[in-house]
Amino acid sequence: GVEVTHLTCRSDGFLDVDLLEAAIRPNTKCLVMTHASNVLGTILPVKECFAIAQSHGLLTVLDSAQTAGFLPIDMQEMQVDVLAFTGHKGLLALAGIGGFVLSEKAVQVMRPWLAGGTGTQSELAGQPDIMPDKFEAGTPNSVGIFSLKESIQWLEKKGLKTIYQKEQQLTQLFLAGLADLPVSVLGTTDLDQRVPVVSIVADSITCDELAQNLFDDYQIVTRNGLHCAPNAHKTAGSFATGALRFSFGYATTEAEVKTCLEALRKELLQ
């Protein structure tokens, strides 16, 4: 019984904010946006879109999977009601941990989809209505939670600015190295408008074969295919071919990026 309206981005991943106003219907309840694409790397105009959504009384939901731990996120300034995050990417925690942060408005209107087994207020037959128990049914992933706590402390000590600058430098180095290779880069090449994820389509070899060669011959791990995001590839025009994605983190070194570029040069220019 849920109706969904999709907003289509440009081929480089940018979203025209003017499309949002026209897409809001009388029965529209919320606006859900990803902060940045896991395929194109393009950062979306969340603040502008959420301001429009809030003016219409909509709930705003932000997927920060590609930006948490890389970009600063101010829920009040960006008018975010629900901030969803995963722990295993930029937040550097173990796989299998994630969560969401809620505004007071979201706390009041959201209901848990799963209930039971909180371990608190055990005299109740149903889920407690207090936070955060309201949304934490069952046995929590304690190991994942501890890993997330430690990694966030490390991130705060290191500082997002330091992490951002390092990962941007690596991305810039990689994009510059791709400039004279027979590949197409998905998304924008504007560093200020992208996260450190770069997807390419090669002219002379499939992404599957190139990924396998990089792994077999150079021990370089990439992600090939449609990246669980077919609509993003349709937007970019790469749905038929898929793409090969490279991701850079704080632990990545310039030497590793240069090694990767040299491997691509050998594979694509041989």
With a ≥ b ≥ c taken as the square roots of the eigenvalues of the C-alpha gyration tensor of region 1-132, please select rounded if a/c is under 1.5 and otherwise prolate if a/b is larger than b/c or oblate if it is not? oblate
Contact order normalised by length for region 1-159, with contacts defined as Cα pairs under 8 Å and 6 or more residues apart; what percent is it? 15 percent
Counting other C-beta atoms within 10 Å, and keeping those with at most 16, which DSSP coil chymotrypsin sites (Phe, Trp or Tyr not before Pro) do you find in region 163-270? 239
Rounded to the nearest 0.05, what FRET efficiency do residue 56 and residue 113 have when you use their Cβ-Cβ distance and R0 = 35 Å? 0.90
For region 126-270, the fraction of alpha-carbon pairs in successive 10 Å shells from zero, as %: 10, 31, 28, 19, 9, 3, 0
If you average the C-alpha positions of region 148-164 and of region 192-257 separately, how far apart do those two centres end up, in angstrom? 26 Å
Folded to 0 to 90 degrees: helix 254-269 orientation relative to the chain principal axis, Cα: 60 degrees
In degrees, nearest ten, helix 207-218 long axis to first principal axis of the chain (Cα): 70 degrees
Gyration tensor verdict on region 189-270 (Cα atoms; rounded if a/c is under 1.5, prolate if a/b is larger than b/c, oblate otherwise): oblate
With θ set to phi - 60°, apply the Karplus curve 6.51 cos²θ - 1.76 cosθ + 1.60 along region 48-64 and write out the HN-Hα couplings as whole Hz, x wherever there is a Gly or Pro. 5, 5, 5, 5, 5, 4, 5, 5, 9, x, 7, 7, 10, 10, 10, 8, 9
Computed over region 65-166, protein heavy atoms only, probe 1.4 angstrom, the accessible area per residue in square angstrom equals 63 Å²
Would you work out what percent of the accessible area of region 81-123, with all protein chains in place, is carbon or sulfur (probe 1.4 Å)? 60 percent
Over the chain, what relative contact order in percent results from Cα pairs under 8 Å that are six or more residues apart? 19 percent
Please list, short to long, the whole-number percent of alpha-carbon pairs of the chain in consecutive 5 angstrom bins beginning at zero. 1, 5, 11, 14, 16, 16, 13, 10, 7, 4, 2, 1, 0, 0, 0
Spin-label model distance (nm) - residue 48 vs residue 24, 7 Å beyond Cα toward Cβ: 1.6 nm
If you take every DSSP beta bridge whose two residues both sit in the chain, what share of them, in percent to the nearest 5, is antiparallel? 70 percent
Cβ-derived FRET efficiency at R0 35 Å, residue 206 paired with residue 16, nearest 0.05: 0.60
With everything on Cα atoms, drop me the angle between helix 142-158 and the longest principal axis of the chain, reported from 0 to 90° to the nearest 10. 60 degrees
Calculate for the chain the 222 nm mean residue ellipticity that helices alone would give, adding -39,500 (n - 2.57) per DSSP H run of length 4 or more and normalising by residue count, nearest 500 deg cm²/dmol. -11000 deg cm²/dmol
14 Å beta-carbon shell around residue 249, net charge (K/R +1, D/E -1): +2
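The values are calculated or read from the model by the stated rules, or taken from the named source; none is laboratory data. Not measured: the values here are computed from a predicted model. Glycine also receives a Cβ, built like all others from the backbone with ideal geometry; neighbour counts cover every protein chain displayed. To get the accessible areas, we keep the full protein, side chains included, count just its heavy atoms, and leave off ligands, DNA and RNA. Shrake-Rupley method; radii C 1.70, N 1.55, O 1.52, S 1.80 Å.
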